[in-house]
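Heads up: the structure comes next, in structure tokens.
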Amino acid sequence: MNIDEVSESMPYMKDVLELYGKVKEFEHIDLNYRYGTLDNDYHAYIKEDIDNVLDSFSRIFSLSPEQLVPVKEAMKSGIIDFMLLPQGDTAAFATPIMSEEMLSLLYIISRMYFRSIRASINVDNIYWEEGRCPVCNAVPALSVLEEEARRRYYCSFCGTIGFYKRIGCPNCHNEDPKLIDIIYVDDTDMRIDACNQCESYFKSVDVSKTILQNLEETDILSLPVDIIAQNKGYKRRSPNPVGMLNIA
């Protein structure tokens, strides 16, 4: 099922899918630099890009430029470090935007930088040490089950795809099957892998039921599965494509 079909058959997803459309439009704006070529001493962005990026964000997401002034000033002063964002560090600065909305905003903005880095260094399909993305250090929230007991993970920040353990939690590295619940979701191609040691979860789909190039859409279209997992008390560790972390 694609985005258009879901929009028609699941009207409750309409607002989320409209927001996703804006996210995709935003990601097509041009950056001045290829970020994978920069030295390590940067915050995943260059100051010369900030005005263009935030002005475009304001236009596409219908926010007044004044609302983004604190974000722009924090970025220009180096307070915001996108490299720390996948670890949950959003930095502290005065802003009229609520904290959860700010996390979503920074996530959406950071994705275009992380994806520029990914395009430059291309580390798809390598093994993820410590269960984290090798580009941005994020914990995955979606995996693809493949043949020969292999599992490939997808990073919602930068779009990198890579391998990790078939059985185990990428967040806390728990490998005890007794502490990992597998929850099959009726009327979907998804299952939930839930860790009872750290209370994290990630969604899993069989490779025959998805397309690797469309894992982002797979993530957003399976939002009802996130709701089921979170209603059971489990936590998503990386936002979905529209910046939602706490969904239920």
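Brief remarks on what is shown
So that you can scan it fast, the table gives a plain yes or no per residue for (1) more than 16 Å from the chain's Cα centre (by Cα); (2) modelled with pLDDT of 95 or more:
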position: Val185; (1), (2): yes, no
position: Cys195; (1), (2): yes, yes
position: Cys198; (1), (2): yes, yes
position: Ile211; (1), (2): yes, no
position: Leu221; (1), (2): no, no
position: Ala229; (1), (2): yes, yes
position: Lys232; (1), (2): yes, yes
position: Lys235; (1), (2): no, yes
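- The residue of segment 47-66 that is nearest to Glu25 (Cα to Cα), among those that are loosely packed, with under 15 Cβ neighbours inside 10 Å and touching a residue at least 12 places away in the same chain (Cβ under 8 Å), is Asn52.
- Wholly within segment 15-122, helices (runs of 4 or more DSSP H) carrying at least 2 residues that are under 22 Å from Val135 (Cβ atoms) and either modelled with pLDDT of 90 or more or among the acidic types (Asp, Glu) (or both): 47-60, 99-121
- Listing of strands (runs of 3 or more DSSP E) fully contained in segment 147-248 that carry 2 or more residues being surrounded by fewer than 14 Cβ atoms within 10 Å (Cβ to Cβ): 180-184
- Segment 130-150: number of residues that are on the phi < 0 side of the Ramachandran plot, acidic (Asp, Glu) and at pLDDT 85 or above: 1
- Only a single item in (1) at pLDDT 95 or above; (2) touching a Lys or Arg at 6+ places or on another chain (Cβ under 8 Å) is not met by Cys158, and it is number (1).
- Residues considered: Ala119, Ala149, Ala138. Of these, the only one that is out of contact with any Phe, Trp or Tyr (no Cβ under 7 Å at 6 or more places or on another chain) and in contact (Cβ under 8 Å) with a residue 60 or more places away in the chain is Ala119.
- The residue that is nearest to Val23 (Cα to Cα), among those in segment 190-247 that are touching a residue at least 60 places away in the same chain (Cβ under 8 Å) and either in the same structural domain as Leu84 (by TED's automatic domain parsing) or among the β-branched types (Val, Ile, Thr) (or both), is Val242.
The values are calculated or read from the model by the stated rules, or taken from the named source; none is laboratory data. Bear in mind the structure is a predicted one, so any value in this text is a computation, not a measurement. Cβ: placed from backbone, ideal geometry, glycine included. Neighbour counts: every protein chain shown.
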